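Novice: Got a structure for you, written out below as structure tokens; questions coming shortly.
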């Protein structure tokens, strides 16, 4: 027999052979190998210099570059070293000597253009523009990508449509730009946002890959090239004589004995630098993956982060700081400037100040340094030092903005002169107006033609200040300072106070959701444009107190005033008075929560004796505390509730639903006043006998009033319909454009699922094995593992979710399916909408996002573990809207009426009862469908010790004293479907007589606890449960129950009992369909349910005398 010492070498050889092939040569190994070789040619010395530079050996690098006899690669290296030392003039001279050929020439000239802020080596191109062809940037490009536009004299034709050309690009939307005059060579175009390009008969562009970013894109341009753009811009073009990426560097680095050939890090560095000069930080970082941790590579990676488009800046802060700290070794000037900027962005001015002090010690301060120092001192709060510093270093134009903001007193003449000298006329005029010198401001403004909207608004402000305007209205563009009565009184007579109040009301009405407008509106009633509709609080309270009859807790008044602006934004003013009849009510309302973003106007306790005690706020609580609240007191709440996200624009709006009635609360008086915008075509969605609208003319306003009195409390019943299905309500809409809302969502959806390089890399790495034979369940599982599903459909980009796991699973899944070439539709689903309600349907009515595979199953990504084909019961027969691919019009679809995967439960229990009452056994519990998904999700969040304790609550209904042991559940990989299997042992002791349950559902106690109902009973989770129990009992212990059945309208319970010696086999079946039980049939359903509650239990008896 061989000894262990003899076989050890064999084991080691086997392990080494099993570990794979020889590893790749590292950077340091390549460099050491390179230095051993003899170099003679300039090309070899140039490459040698770059290896020295990348290793941080500046002296050796400079020596090698000098011996390279001014080859392009050596000149680029020397220029890079000069830039590291802040020697911009020397760097520019070196870069200008590099020929415009190949990769090295292109990089050199881009660096030179960047440092000199030049537009490029070519003359500015000539463009011809069209008007907007679509208001939706991403959806608009999606519609255009399969068309080929053609220029026809003074118009552009695309598909069956035609649009005229113009001299200026539009301010928004998708539009065409036609390039007049050809460009030669290898060209690049600087474009903001996604685009499409048609050139030379070919289509190219980036529709989804880089959403909402500015980049230099390679492009082959010719005369008549057409761009489809999404952001107002005049794209810059730069062309180079030499096309391609020619370089005489090898792709592989020096060979190292015993190692696989590694990459040529000089070539990788140049390619990454090429990407950085094009502001393509994502691509540069991908090239630099696995880079050596040297100062030069750290500096380049840090520069790449500055132009990354798909990573939120706050998530890269620490990484950028680490990289610049490493880069400080060879490029201290650049590194410390960038560190100061990062510290200021992160609101760490003390760190910025410290790093700037070290920068000042090694280089002569320039403009950038002074600007950083001013910002730093400003953030530190050193106002006096800032003023002193600005006087010394603030003469340059780029510092005037800071000087203007920080100039708190003294004549502005000097600053005005400098602003004018820097071409900032509008800022100078605004400054003169702030110092109440309208005549000088108007003179300065008229020194140049008044052409822009900003200039016209400034002229109007000047005229009003000089009392030359026809009507003393406030400027819609003015800030809240223009409402300061003291300032205004300098140009308006005090007798015009009434005019001022009217101006204030007009100013507020034009911006009803603006925070400043809300604060002013809540300050004085006379400034509120809604004041004529206000109701008096004390009048209602005195009226209630005059009623000597004791009353329950109730709302004395519920008054809402709803107003819309021209953009569809709304403001609701709420005025509530609540009477508290007892101490329980006082305790309930002692802490009062207001809606999010609500602005309190007056929240207080109104005591019986007339005293008013205002509510108190606590920064640690979201609610307001009402002091000394007691029975027979009143709670008064007046607040403003703005809604900035109307989902509509251009005069389109839809209100929230207003309910007339409340659960468990009487309302003595309820009123809704709607201020109708001029020219609005109001439609009212009224349900369940809500009050009819009264048309009221008040001053110059048209009011729709809905009023009701003496509304009884509505009984709240569990498992019933939503409030909108039973409580009288109204909703108002004007010019409702459902297609516009859907297009906005589609546009955001395209943006959110943009296929960036990061997303493409994730799909390639994580789903490559599923490309040929797609497994939908595996795709679902991998998407769920990466995204938590905590956001809305378009709240976060897929590329951002890859960094923190936050994102919508349907959006991510759609991105993956498209990359894998799987045709599908993304739909929103909700309850079935009646025909009369469809015209008021909103996107919020469709709360679930699903995917339908073309000629395949439905996918429901939101539920953990739900397999392909699973649908939740509440969506069956519901209405749908297709988000992707886009379809014409607002078209409602229908969900399936039945499900391929139903909800089932199968329980098998074997147990043995001893003579002394001890019981032990084993349970196998199989769950299928929604319950399996829900239970599996709960168990995944529990520890192994907590899981059996949870299921003892289930077992206790079958075996009252049962304690669980050896609890097991199917592993996650095995149960990535809707099936979950649980297995466990149990022990217990029962005193006889006793009973055992068929794992009872108890439909009576669970669903039918109320004696009667006024609303339908909603059973949204069907039950299909089969239980098999085998009991082994000693002689004399028997089950005195018998076979039985109970059925009602398709719901049924069956129980069979078979005895065979000491063993008794029990089978129970309960089928309860998902349904809505009408109140008229609720009594029969309740009787059947309580009958089943009894039948689910079996009596175990021990005859007397044993």
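Conditions tested, residue by residue: (1) at pLDDT 80 or above; (2) touching a helix residue (DSSP H, G or I) at 6+ places or on another chain (Cβ under 8 Å); (3) surrounded by fewer than 14 Cβ atoms within 10 Å (Cβ to Cβ).
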position: 510; (1), (2), (3): no, no, no
position: 520; (1), (2), (3): no, yes, no
position: 528; (1), (2), (3): yes, yes, no
position: 535; (1), (2), (3): yes, no, no
position: 538; (1), (2), (3): yes, no, yes
position: 546; (1), (2), (3): yes, no, yes
position: 549; (1), (2), (3): no, no, yes
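Novice: Check off (1) under 35 Å from the mean Cα position of the chain (by Cα); (2) within 21 Å of residue 661 (Cα to Cα) for residue 544 and give me the number that stays unchecked.
Specialist: With respect to (1) under 35 Å from the mean Cα position of the chain (by Cα); (2) within 21 Å of residue 661 (Cα to Cα), residue 544 is out only on (1).
Novice: Moving to a separate point now. Sort out which residues of region 1024-1035 are surrounded by fewer than 20 Cβ atoms within 10 Å (Cβ to Cβ) and modelled with pLDDT of 85 or more, and write them in order of number.
Specialist: Those that are surrounded by fewer than 20 Cβ atoms within 10 Å (Cβ to Cβ) and modelled with pLDDT of 85 or more: 1024, 1026, 1028, 1030, 1032, 1034.
Novice: Continuing with the same structure: Only residues in region 940-951 that are on the phi > 0 side of the Ramachandran plot and assigned by TED's automatic domain parsing to the domain that holds residue 966 count as the first member; pair them with residues that are surrounded by 14 or more Cβ atoms within 10 Å (Cβ to Cβ) and in a helix (DSSP H, G or I), Cβ under 6 angstrom, at least 6 apart or cross-chain, and list the lot.
Specialist: none
Novice: To continue, here is another question. For residue 577, indicate whether it is closer than 19 Å to residue 626 by Cα, in contact with a strand residue (DSSP E or B) (Cβ under 7 Å, 6 or more places away or on another chain) and outside the structural domain of residue 675 (by TED's automatic domain parsing).
Specialist: The answer is no for residue 577.
Novice: Pull up region 819-868, narrow it to residues that are under 25 Å from the mean Cα position of the chain (by Cα) and part of a helix (DSSP H, G or I), then point me to the one that is farthest from residue 890 (Cα to Cα).
Specialist: 819
Novice: Return the residues of region 1046-1062 that are closer than 18 Å to residue 1098 by Cα and buried (at least 16 other Cβ atoms within 10 Å of the Cβ); say none if nothing qualifies.
Specialist: Those that are closer than 18 Å to residue 1098 by Cα and buried (at least 16 other Cβ atoms within 10 Å of the Cβ): 1046, 1052, 1053, 1054, 1055, 1057.
Novice: Still on this structure, please answer the following. Just one of (1) closer than 30 Å to residue 746 by Cα; (2) at pLDDT below 85 trips up residue 641, so point out which.
Specialist: Status for residue 641: all satisfied but (2).
Novice: Tell me whether region 394-403 contains one or more residues that are assigned to a helix (DSSP H, G or I), at pLDDT 80 or above and within 30 Å of residue 445 (Cβ to Cβ).
Specialist: Looking through region 394-403, none of the residues is assigned to a helix (DSSP H, G or I), at pLDDT 80 or above and within 30 Å of residue 445 (Cβ to Cβ).
Novice: Scan region 1073-1081 and tell me whether some residue there is in contact (Cβ under 8 Å) with a residue 24 or more places away in the chain, more than 23 Å from residue 924 (Cα to Cα), assigned to a strand (DSSP E or B) and in contact with a helix residue (DSSP H, G or I) (Cβ under 8 Å, 6 or more places away or on another chain).
Specialist: Within region 1073-1081, one or more residues are in contact (Cβ under 8 Å) with a residue 24 or more places away in the chain, more than 23 Å from residue 924 (Cα to Cα), assigned to a strand (DSSP E or B) and in contact with a helix residue (DSSP H, G or I) (Cβ under 8 Å, 6 or more places away or on another chain).
Novice: Residues of region 594-610 being in contact with a strand residue (DSSP E or B) (Cβ under 9 Å, 6 or more places away or on another chain), farther than 20 Å from residue 561 by Cβ and at pLDDT below 90, which ones?
Specialist: Scanning region 594-610 gives a single hit, 608.
Novice: Could you name every one of the helices (runs of 4 or more DSSP H) located completely within region 1-94 that has at least 1 residues being at pLDDT 85 or above and crowded, with 18+ Cβ neighbours inside 10 Å?
Specialist: 42-54, 58-67, 72-84
Novice: Can you tell me which of (1) over 30 Å from residue 512 (Cβ atoms); (2) at pLDDT 75 or above is the one residue 452 doesn't meet?
Specialist: (1)
Novice: Quick check on this structure: which one of 781, 755 is out of contact with any strand residue (DSSP E or B) (no Cβ under 8 Å at 6 or more places or on another chain), assigned to a helix (DSSP H, G or I), crowded, with 17+ Cβ neighbours inside 10 Å and touching a residue at least 12 places away in the same chain (Cβ under 8 Å)?
Specialist: Working: 755 fails: assigned to a helix (DSSP H, G or I).
Criteria check complete, one pass: 781.
Novice: Moving to a separate point now. Can you go through 662, 700 and tell me which one is free of Cβ contacts under 8 Å to residues at least 12 places away in the same chain and either surrounded by fewer than 20 Cβ atoms within 10 Å (Cβ to Cβ) or out of contact with any strand residue (DSSP E or B) (no Cβ under 6 Å at 6 or more places or on another chain) (or both)?
Specialist: After applying the criteria, what remains is 700.
Novice: Moving on. Residues that are at pLDDT 85 or above and farther than 30 Å from residue 284 by Cβ: does region 746-764 have at least one?
Specialist: So far as region 746-764 goes, yes, one or more of its residues are at pLDDT 85 or above and farther than 30 Å from residue 284 by Cβ.
Novice: How many residues does region 577-591 contain that are surrounded by fewer than 18 Cβ atoms within 10 Å (Cβ to Cβ) and part of a strand (DSSP E or B)?
Specialist: The number of residues fulfilling the criteria is 1.
Novice: Of the residues 661, 651, only one is more than 13 Å from residue 731 (Cβ to Cβ), at pLDDT 85 or above and assigned to a loop (DSSP other than H, G, I, E, B); which?
Specialist: Selected residue: 661, the only one of 661, 651 that is more than 13 Å from residue 731 (Cβ to Cβ), at pLDDT 85 or above and assigned to a loop (DSSP other than H, G, I, E, B).
Novice: Related question: Which members of region 709-745 meet the condition of being surrounded by fewer than 18 Cβ atoms within 10 Å (Cβ to Cβ), at pLDDT 85 or above and either over 37 Å from the mean Cα position of the chain (by Cα) or under 15 Å from residue 561 (Cα atoms) (or both)?
Specialist: 709, 710, 712, 713
Novice: Starting from residues that are under 12 Å from residue 1046 (Cβ atoms) and under 47 Å from the mean Cα position of the chain (by Cα), keep the ones in region 1080-1092 and report whichever is surrounded by the most Cβ atoms within 10 Å (Cβ to Cβ).
Specialist: Selected residue: 1089.
The rows are residues; the columns are (1) under 25 Å from the mean Cα position of the chain (by Cα); (2) outside any helix (DSSP H, G or I); (3) surrounded by 20 or more Cβ atoms within 10 Å (Cβ to Cβ); (4) in contact (Cβ under 8 Å) with a residue 40 or more places away in the chain.
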{"residue": "270", "(1), (2), (3), (4)": "no, no, yes, yes"}
{"residue": "275", "(1), (2), (3), (4)": "no, no, yes, no"}
{"residue": "284", "(1), (2), (3), (4)": "no, no, yes, no"}
{"residue": "289", "(1), (2), (3), (4)": "no, yes, no, no"}
{"residue": "304", "(1), (2), (3), (4)": "no, no, yes, no"}
{"residue": "308", "(1), (2), (3), (4)": "yes, yes, yes, no"}
{"residue": "322", "(1), (2), (3), (4)": "no, no, no, no"}
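Novice: Any idea which residue in region 376-388 is nearest to the chain's Cα centre (by Cα), counting only those that are surrounded by fewer than 19 Cβ atoms within 10 Å (Cβ to Cβ) and either at pLDDT below 65 or part of a helix (DSSP H, G or I) (or both)?
Specialist: Across region 376-388, the extreme among qualifying residues is 379.
Novice: For residue 627, are the conditions met, namely being surrounded by fewer than 17 Cβ atoms within 10 Å (Cβ to Cβ) and closer than 17 Å to residue 519 by Cα?
Specialist: Considered against the rule, which asks whether it is surrounded by fewer than 17 Cβ atoms within 10 Å (Cβ to Cβ) and closer than 17 Å to residue 519 by Cα, residue 627 comes out as no.
Okay, residues lined up against (1) touching a strand residue (DSSP E or B) at 6+ places or on another chain (Cβ under 7 Å); (2) within 30 Å of residue 142 (Cα to Cα):
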{"site": "890", "(1), (2)": "no, yes"}
{"site": "900", "(1), (2)": "no, no"}
{"site": "905", "(1), (2)": "yes, no"}
{"site": "920", "(1), (2)": "yes, no"}
{"site": "923", "(1), (2)": "yes, no"}
{"site": "927", "(1), (2)": "yes, no"}
{"site": "932", "(1), (2)": "yes, no"}
{"site": "943", "(1), (2)": "no, no"}
{"site": "966", "(1), (2)": "yes, no"}
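The values are calculated or read from the model by the stated rules, or taken from the named source; none is laboratory data. Just so it is clear, the model here is predicted, and its values are computed rather than measured. Cβ sites come from the backbone with ideal geometry, for glycine too, and all protein chains shown count toward neighbours.
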